[in-house]
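Written out below as structure tokens is the structure these notes cover.
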Amino acid sequence: MRKSVIAAALLGFLCLGSSAVFAQVKGIYWTTSGFFGPFPITGLIPTVPKDKQRDVTIPVSMWIIDHPKGLVVFDTGNNVAVSDGNCKSYWAAGFCDFLKPSQKRADVIDEQLKKVGFSADKVKVVITSHTHLDHVGNIAMFPKALHVFQKAELYQGWWPEKFQGRGTPGAFVMGDLMPAREFNYLELEGDYDLFGDHSVVILSTPGHTLGHQSVKAKLASGGTIVISQDAIWMQENLDGYPAGLNFSIQAYTNSVNRLKFIRDLEGAQLFMAHDQDQYAAKGGRWYK
Ligand SMILES: [Zn+2]
């Protein structure tokens, strides 16, 4: 009797063990919705000292996460209307002149999904880091998906503080949000384990905006990756020069530190949203 109890317990333990083995994503693809630039790095990070200043041409990072329970997109890039030199038909002229988006129609998320063998209507979940124009641009392409935001970020997007620019030119574009108003939203207040298996964990990383969020994922190879998006734009932010655009510099600093600790304690790879050199070395590929 006792033996069978032990055997049952052991079996249960082994089953738990094997389910943990499958608690990983099948693959994660890093792509970009074209590039911004070139422009002086001080346009984004004003505190970079003279001897470290350079012109940068930065990616507009988007991520495709292939999970056994469904296809996930993390950020949808610039609105499709910005493609092929038509920026000023959709964004404020000042943004177009400064950012110089290179986005072609083929760079947009629906085409990027096709490129790696998926169609936009198969996407189950769209996670949006925040409601700035280079991250939330194409949520309207996913009417059947569940959209995951921090609840605070929805408030942020729909009614930014005045100092963040409510009108023109602003980094919040009503046209990105308006067509998606009646979609299904998972409105979070903090971290969230998306599939309940620890494989895709949404991390609350406010500061850049009121409700910014990042993603941590477990790869089939056993590695962990942290996708910061705009919680950390690029290497200079890791080097201690803060981003020049923040809702709260205190919250921003805490979020940068939080992601650094996760990177160091879990031995994770950290990917940043707008780092020219990191994307050149590691973008446009699958992580498995
Ligand atoms: Zn951005």
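What follows draws every value from the coordinates through simple rules; no lab data is involved. This is a predicted model, so every value here is computed, not measured. Cβ atoms come from the backbone with ideal geometry, glycine included; neighbour counts cover every protein chain shown.
Observations
- All strands (runs of 3 or more DSSP E) inside segment 157-219 with 1 or more residues being under 22 Å from Met141 (Cα atoms), touching a helix residue (DSSP H, G or I) at 6+ places or on another chain (Cβ under 9 Å) and in contact (Cβ under 8 Å) with a residue 40 or more places away in the chain: 184-188, 213-218
- Inside segment 224-274, residues that are touching a Phe, Trp or Tyr at 6+ places or on another chain (Cβ under 7 Å) and in a loop (DSSP other than H, G, I, E, B) make up a count of 5.
- Subset of segment 96-124 (residues that are buried (at least 22 other Cβ atoms within 10 Å of the Cβ) and in contact with a Lys or Arg (Cβ under 9 Å, 6 or more places away or on another chain)): Leu113, Ala120, Val123
- Count of residues meeting criterion [within 16 Å of the ligand (Cβ to nearest atom) and of a type in the set (D, E, K, R)] in segment 126-183: 3
- Considering only residues in segment 226-252 that are among the polar types (S, T, N, Q) and more than 18 Å from the chain's Cα centre (by Cα), the one that is farthest from the ligand (Cβ to nearest atom) turns out to be Gln250.
- Tally, over segment 87-113, of residues that are within 25 Å of Gln164 (Cβ to Cβ) and in a loop (DSSP other than H, G, I, E, B): 6
- Flag if Val108 is aliphatic (A, V, I, L, M), under 23 Å from Ala280 (Cβ atoms) and more than 21 Å from the chain's Cα centre (by Cα): no
- Subset of segment 21-77 (residues that are in a strand (DSSP E or B), surrounded by 15 or more Cβ atoms within 10 Å (Cβ to Cβ) and of a type in the set (D, E, K, R)): Asp66
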